[in-house]
1. At a 10 Å Cβ-Cβ cut-off, how would you order SER123, SER145, fewest neighbours first?
2. Calculate, in nm to one decimal, what ASP75 and THR87 gain on full extension: separation in residues at 0.36 nm each, minus their alpha carbon distance.
3. ASN65: net charge of surrounding residues, Cβ under 11 Å, Lys/Arg +1, Asp/Glu -1, itself excluded?
4. Taking R0 as 30 Å, what's the FRET efficiency between ASN51 and SER125 from their Cβ-Cβ distance, rounded to 0.05?
5. What is the sum of charges around LYS156, taking Lys and Arg as +1, Asp and Glu as -1, for the other residues whose C-beta is under 13 Å from the C-beta of LYS156?
6. Modelled label-to-label distance, THR139 and GLU108, 7 Å Cα→beta-carbon offset: nm?
Amino acid sequence: MKNLKFNLLSLIVICGLTFSSCSSDDDSSNDQNADTYIKFTIDGTNYNFENILTAESNSITFNGNNGAGLTDPGDTQIALWLPSAITNGTFDVEDGFDAEYQVSFSSESLNFDFDFAESGTISVSQSTGEYVIGTFTATVTNDDSSTITIENGEFKAYTID
């Protein structure tokens with residue numbers, strides 16, 4: 001089941017790259033997502049992922065990692081899942097693929113293998129214009145029953161046109 005979830009997330013990320021590379025913008029910058037980010041804290045350790053990938057299928061995901069990119073994602077990845085019709089407000093995070101608001105988390109160093117948060121919130125303060133901006137928290141438990149709390153989460157990602 002873990003491999004199926006990982007493969008699904010990988011497919012979403014790849015599709016997102018495909019769709020984002022088809023933009024009609026004529027931006028010659030090599031780092032066009034430089035002002036996008038997902039930041040959060042786990043047990044006093046700060047994480048700051050830049051160049052966030054926005055992907056869309058049945059939902060919109062904002063994907064960040066601590067590696068050099070999609071082909072080298074590093075050892076820690078996070079994805080925020082929101083419904084396609086994003087609105088401002090605070091929403092409860094739920095576990096599983098069928099929930100509207102989700103947080104998925106993977107980290108080799110923390111022994112988490114694509115686990116969904118069981119609880120938390122995603123607050124969207126801006127959902128119109130070029131960016132979606134907000135905050136989040138999440139509690140995630142892995143297969144070994146280890147639990148982490150993701151705190152002080154912030155994100156800024158491109159919307160889907």
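1. Working: SER123 15, SER145 6.
Placing the least packed residue first, the sequence is SER145, SER123.
2. Between ASP75 and THR87, full extension yields 1.2 nm more.
3. Combined, the nearby Lys, Arg, Asp and Glu give -3.
4. Values: r = 21 Å, r/R0 = 0.71.
Efficiency at R0 = 30 Å is approximately 0.90.
5. Working: positive: LYS39; negative: ASP35, GLU50, GLU130, GLU154.
Result for the local shell: -3.
6. 3.0
No lab work stands behind these numbers, since they all come straight from the coordinates. What you see is a predicted model; the values in this text were computed from it and never measured. We place every Cβ from the backbone using ideal geometry, glycine too, and count neighbours over all the protein chains shown.
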